Amino acid sequence: MLEVRDSDPHNHYIMKSVERAVDSENIRTGRCFVCGGAPTTGVGEHVLPKWLQRKCGLFNKRLTLLNGSSIPYRILTVPCCVECNTGFLSKIETEVQEVFQRGCIETSEHRLSVARWLAKILVGILVKETALLLDRKNPVSGKIVPADFIDQFAHCQLMLQSSRKQTRFRALHSTFPFTLYWYRIDGSDNAFDLSTDILGQSIAVHMGKLGVAFVNDGGLQMIHGQKGPYELEGATVLPHQFGELAARVHTKASLRDATHFYLSSETQTHLTIEQQYVRPFTNSALENGESQVFRPWDSMLFAMRAARITGLEKSVFLDTATGIEMTTLANLFPGADINIVTKDEAISPTHF
Ligand SMILES: [Zn+2]
């Protein structure tokens, strides 16, 4: 996927650092999760930073892992070296805190900072899962996530690590090669929720008054609208409505049927990430002759996920008898005066 034009072995070349970070042996042996270097003897990097844990009272709250077990956020840490920890990772945290305080994303710099931060959390959770047993009573069951799976997150690492130096992006579907949507949330200042779809490489975080959803898909979802589901990016929504939006983004992410080819290059001072073309996975042809980039929408998958994230009944999102999908977002559509409507092709031509 990545062609390293400049083969200078300098340690601070981001592409080299990404290569080391996703190396399964480095992951297995607990090297720094972003550069593959020697970790410090400290606690490492908190996947969810302490400022966030303090703000939202997360010290005793737990994250549910892929195997259904859970881990307290306060010990959700990954190996990290002091240079990365106090260097570019610390810079990302500072930038993101400002955005969260502001409660909205106004500039492309904000967008990039939030995306890098979410990429860090997504990669961090996965790296943590490579160190935890799938079944604690059965050590031969292996780890929750195999170390060589992280290799699929090389692009996510590249987005995260692009913060180390001046980066120029050339993307096909938007300003940046990722999907990101944000919402104002009408709810408590300290509210917190996090959801992910590992195969779809998506993550959504509700923190106080701001909700954000990121997909490491090269921006492919933006083909279906720069402003996300129902074009609602930037709208003020209730917490459960943000949960529904997150479920729509995750579901779409899990149906992705294409990736991108990149030709990126790097000098001592600059990184260039260039998206060249969309490369379909299955090459299924659509009616119009184009290659499919997302598998068909799956209302059941969406309804199950939306129910899990929002805590509402699945029947709020899907009438299983008729197969008709529903939404809690209808009051946000222009001219709408009801809270829940049945899916109408005029309102929801593509779900997206
Ligand atoms: Zn490091």
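Computed from the coordinates by the stated procedures, all read-outs in this text should not be read as laboratory data. Worth saying up front: this structure is predicted, and the values here are computed from it rather than measured. Positions of Cβ are generated from backbone atoms using ideal geometry, with glycine treated the same way; all protein chains shown enter the neighbour counts.
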- For the chain, longest principal axis from Cα atoms; helix 108-129 axis from its Cα atoms; angle between them, nearest 10 degrees, is 70
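Find out how many positive minus negative residues lie around Val22, taking Lys and Arg as positive, Asp and Glu as negative, among other residues whose Cβ is under 10 Å from that of Val22.
Charge balance near Val22 sits at -3.
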- segment 1-164 shape via C-alpha gyration tensor axes, a/c threshold 1.5: oblate
- Message: Starting from 0.36 nm per residue, how many nanometres of slack lie between Arg136 and Arg168 once their C-alpha separation is accounted for?
- Response: 7.1 nm
- Query: Using +1 on the beta carbon of Lys and Arg, -1 on that of Asp and Glu, and nothing else charged, what's the dipole of segment 1-164 about the Cα centre, debye to 20?
  - Reply: 800
- Message: Rounding to the nearest 10 and keeping the result within 0 to 90°, find how far the Cα-based axis of helix 88-102 lies from the longest principal axis of the chain.
- Response: 30
- Counting Lys +1, Arg +1, Asp -1, Glu -1, what net charge surrounds Leu122 among other residues with beta carbon under 13 Å of its beta carbon? 0
- Message: Per residue of segment 244-255, what does 6.51 cos²θ - 1.76 cosθ + 1.60 with θ = phi - 60° give for ³J(HN,Hα)? Whole Hz please, x for Gly and Pro, Karplus curve as stated.
- Response: 5, 4, 4, 4, 5, 5, 4, 4, 4, 4, 6, 9
- Task: For helix 299-310, report the angle its Cα long axis makes with the longest principal axis of the Cα atoms of the chain; keep it between 0 and 90° and round to the nearest 10°.
- Result: 70
- Message: Normalised by the empirical 2.2 N^0.38 Å for globular proteins, what value does the Cα Rg of segment 260-319 take?
- Response: 1.86
- The value for the chain (convex hull of the alpha-carbon atoms, volume per residue, Å³) is 150
- Task: With only Lys, Arg, Asp and Glu charged, each at its Cβ (+1 for the first two, -1 for the last two), find how big the charge dipole of the chain is about the Cα centre; round to the nearest 20 debye.
- Result: 1120
- Which whole-angstrom value gives the distance between the alpha carbon centres of segment 167-193 and segment 42-56? 21
- Have a look at Met207, Phe169, His46 and report the one farthest towards the positive end of the charge dipole of the chain, computed about the Cα centre with Cβ charges (Lys/Arg +1, Asp/Glu -1). His46
- Task: Assign one of three labels to segment 173-352, namely rounded, prolate or oblate, based on the Cα gyration tensor with a ≥ b ≥ c the square roots of its eigenvalues; rounded applies when a/c is under 1.5, prolate when it is not and a/b is larger than b/c, and oblate otherwise.
- Result: oblate
- Which distance in Å, rounded to a whole number, links the C-alpha centroids of segment 243-319 and segment 95-160? 17
- Extended-chain gain in nm, criterion 0.36 nm per residue less alpha-carbon gap, Arg308 and Ser90: 75.2 nm
- Task: Report the paramagnetic label zone for Gln268: residues of segment 11-46 whose backbone N is under 15 Å from a point 7 Å from Cα along the Cα-to-Cβ axis.
- Result: 11-14
